[in-house]
Amino acid sequence: MSPVLVNILKILFVAVLYGFLWIVARAVRSHLAMSARPADRTVGGSGVIVFTEPPAESGRILEVERPTLVGRSGEADVTLDDPFISDRHVRFDRVQGRLVIEDLGSTNGTSVNGIPVVARRALDHGDVIRIGQTIMEVR
């Protein structure tokens, strides 16, 4: 193969690689921007949170009428005995009638429908929330 053709192929490979990275970066940015907007989803029904796991907490209902702190600490509004939950793990609140969740910098993080919570975000009916080994559902 001629050296000119090899150089052209190298340049083409680098261009395709940069194009792929640009597409990935845009997708990540778009995903993060969507989860950071609390007003893009609405809560259907009463917007209560029902604990489904672990079995000891199953069926427990959390109605959010004011800012509600969940964690292991005694100062939390809802105290959970889960070693993977921080003392001040997550806060639920109502903003303009919408149920929202905010991770408070917890060590193990919070996820909604398997997506990490990186900023305050709105919850919708049927969303599954995981903090530590505790799983809850919005109903």
Could you grab the pairs with beta carbons closer than 6 Å, sequence gap of 6+ or different chains, first residue in segment 97-118 and under 13 Å from Leu69 (Cα atoms) and at pLDDT below 90, second one open to solvent by less than 50 Å² (accessible area, probe 1.4 Å) and among the acidic types (Asp, Glu)?
none
Counting only strands (runs of 3 or more DSSP E) wholly inside segment 66-114, the ones holding at least 2 residues that are of a type in the set (Val, Ile, Thr) and within 15 Å of Met136 (Cβ to Cβ) are 68-71, 98-103, 110-112
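The values are calculated or read from the model by the stated rules, or taken from the named source; none is laboratory data. Note that this is a predicted model, so its numbers are computed, not measured. With ideal geometry, Cβ positions are generated from the backbone for all residues, glycine too; neighbour counts draw on all protein chains shown. These accessible areas exclude ligands, DNA and RNA; they are computed on the full protein's heavy atoms, side chains included. Shrake-Rupley method; radii C 1.70, N 1.55, O 1.52, S 1.80 Å.
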